[in-house]
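Colleague: The structure is given below, and queries will be raised subsequently.
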Amino acid sequence: MDKRRGWPVPDAVISKPLSFDLEEFLQDENSFRPNLSAISENDVKHGEVNVTLRDGAVCMLRFLRVWLDLPHSVFFYSVSYLDMFLVKMRVQDKFLRCLTLSCLHIAIEHESHNVDVARLVKVSQSKCTSCDVLRMADIVKKKIPIKGDKNPITPVDFLDVYIKFFINVTNHWEHIVRKGLNQIKERMYILLEVLLADSNTAYFRSSAIALIVFQNEAEKIMSQGLPNKSVYYLGEVLQFLSVIREIQLKCKLKNSELKSCYLQVSKVLKRYDGERKNNFRRRHNWNFSMPSVQMSAKRFSYYPLFETITE
């Protein structure tokens, strides 16, 4: 503890339970965020799923999560299942929608929610059947390491730990954080969904994506507590940045990796914010266009009829 200011030093801020959680997530991080370069357009054959088609599938998962009012965890788990399967197996593009629905079904089951498979098929306007989705789900479970007692490690897991760090390090901003913590987390979760729906950012480590989103949003919150830019408040900002640095070291994130991640995240989120503003203007001009997530889901409209799936 700094006796002059009453600031806890970083080692005191990052408590042992939080450090343990972070280390546990880091151990399994790579298992649940496979290298998407394996399905780059140059590395797959014609008619096989590439990263572009994969991005469309994840956009569909975003749409279905919102439409069915499912928790964010269902989206992140289903994306992990989808990416792990696509990297491990060669998938023909005509089976992608069925595969996407099967991964969502597995995630819904994992979180103990009750959504009928027939409803998933109907909402997604898929031409496959409920039986096809269930058969594909069985194939997915056999091919990737899905354990009922173990959750996939996603960017949200890292983000939640980072938020706890932030709450511990803040003093004068604590009332701001606690007053709107749910809204703050909701916005960060949505931003992470957007980033996972774009392969330009999805191939980065979960810990890196979460750290960039966390730091950007936390700095916006902290800036609200700096009306006079006093030395005391600026000192706490510097302390916060030192905690960010310690998180970076614990996650073994190189400066070059973070910089590259930051640049890509900025591009994707800038485009996302632009789409949101355009959709807002359209709605207020009485042009009832679909939200951006639904617009992205249109990419699926060209898929042919699905054949019966066999293992």
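Colleague: Evaluate the distance, in nm, between pseudo-label points positioned 7 Å from the Cα of Val123 and of Asp69 along their respective Cα→Cβ axes.
Modeller: Spacing of the two 7 Å Cα→Cβ label points: 1.1 nm.
Colleague: Take the residue pairs Lys185/Lys220; Lys164/Lys250; Lys164/Lys185; Lys45/Lys267; Lys88/Lys143 and return only those whose Cα atoms are more than 18 Å apart.
Modeller: Among Lys185/Lys220; Lys164/Lys250; Lys164/Lys185; Lys45/Lys267; Lys88/Lys143, the Cα-Cα distance tops 18 Å for Lys45/Lys267.
Colleague: Quick one: what are the phi-derived ³J(HN,Hα) couplings along the stretch 87-96, Karplus 6.51/-1.76/1.60 with θ = phi - 60°, whole Hz, x for glycine and proline?
Modeller: 6, 7, 10, 7, 10, 6, 4, 5, 9, 5
Colleague: Using a Förster radius of 25 Å, what is the FRET efficiency between Leu249 and Ser40 based on their Cβ-Cβ separation? Nearest 0.05, please.
Modeller: Step by step, r from the Cβ atoms, then E = 0.20.
Colleague: Next question, about the same structure. Between Lys127 and residues 5 or more places away or on another chain, which pairs have amide H atoms under 5 Å apart, with H built 1.01 Å from N, and which residues are they?
Modeller: Those lying under 5 Å, H to H, from Lys127 are Phe306.
Colleague: Can you list the residues, at least 5 places off or on another chain, whose amide H is less than 5 Å from the amide H of Glu48, using H built in the peptide plane?
Modeller: Result for Glu48 returns Asp93.
Colleague: Can you tell me which of 110-122, 183-195, 49-61 comes out highest on packing, and rank the rest after it, using the mean Cβ neighbours within 10 Å?
Modeller: By packing density, highest mean first, the sequence is 49-61, 183-195, 110-122.
Colleague: I'd like the FRET efficiency for Ser266 and Asn151, computed as 1/(1 + (r/R0)^6) with the beta carbon distance as r and R0 of 22 Å, rounded to 0.05.
Modeller: 0.15
Colleague: Per 5 Å bin, what is the whole-percent P(r) computed from every C-alpha pair distance within the stretch 62-143?
Modeller: Answer for the stretch 62-143: a P(r) of 3, 16, 31, 28, 18, 5, 0 percent.
Rule-based calculations on the coordinates, nothing more; no lab input. Please read these numbers as outputs of a predicted model, since none were measured by experiment. Reconstructed Cβ throughout: ideal geometry from the backbone, glycine too, with neighbour counts over all protein chains shown.
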